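Rule-based calculations on the coordinates, nothing more; no lab input. The structure displayed is predicted, hence computed values, not measured ones. Virtual Cβ from ideal backbone geometry, glycine too; neighbours counted across all protein chains shown.
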Amino acid sequence: MTNDDATAGRPPDGIGEREMQPLEGWRQHASPLSLVVFGTVVLLALAGVLGHERTWATQGETVNLEVHMPEVIRNGEFFEMRVTVRADRPVEQLVVAIDQAVWEDVTVNTMVPAATEESNENGVFRFTFAELAAGSTFLLKIDGQVNPDLVGANAGTVSVLDGEAELAAVDVTMEVRP
């Protein structure tokens, strides 16, 4: 008889008859506290307390501008920002300008499509694209992540320009909660 055969039917050391008996009363069920905590988180999320998105829109003389991004978000979360430009007339040199304050303590992971030229002038990120024909729509998709140390709000302006001439601008705010 080997050593494994001798211990095959015995419980591990420290486990006796008392530990092997079925639980009785409230101890046999999961704690209702876990359901209360889970339900509270679900209700907070449905109420928008943990985060929600918004679309800011404005209409200029030659373009319509929409910015869709989180209005309330928690720090550490990933998010998507969409800038949509609809041109009523041709735009020779489409430039999307975003105040640096909008992305303070935010990591930008992806920007599609990529700009032909990028710059930062006077606290404004400028992204230059090709011309935009009349009646067409341009969509700029930006994926980012709120850095964990950011708590408060980021606010600034998103603008559309034709070269240096501003066509439309909208103020946006992103409140960041812990």
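The criterion of being touching a Ser or Thr at 6+ places or on another chain (Cβ under 6 Å), farther than 20 Å from F79 by Cβ and not aromatic (F, W, Y) does not hold for E164.
Of (1) β-branched (V, I, T); (2) more than 14 Å from the chain's Cα centre (by Cα); (3) surrounded by 18 or more Cβ atoms within 10 Å (Cβ to Cβ), V146 satisfies all except one. Which? Here V146 clears every test but (2). Here the strands (runs of 3 or more DSSP E) wholly within segment 98-152 that include at least 2 residues being of a type in the set (D, E, K, R) and in contact (Cβ under 8 Å) with a residue 12 or more places away in the chain are 137-146. Quick check on E104: is it among the acidic types (D, E), touching a strand residue (DSSP E or B) at 6+ places or on another chain (Cβ under 8 Å) and under 21 Å from D149 (Cβ atoms)? For E104, the condition - among the acidic types (D, E), touching a strand residue (DSSP E or B) at 6+ places or on another chain (Cβ under 8 Å) and under 21 Å from D149 (Cβ atoms) - is met. Screening E117, E131 for residues that are in contact with a Pro (Cβ under 8 Å, 6 or more places away or on another chain), more than 23 Å from H52 (Cβ to Cβ) and of a type in the set (D, E, K, R) leaves exactly one candidate, E131.
In segment 153-168, the residues that are surrounded by fewer than 16 Cβ atoms within 10 Å (Cβ to Cβ) reach residues that are among the hydroxyl-bearing types (S, T, Y) with C-beta atoms within less than 9 angstrom, at least six apart or across chains, in these pairs: A153/T173; A155/T173; G163/T128; E166/S159.
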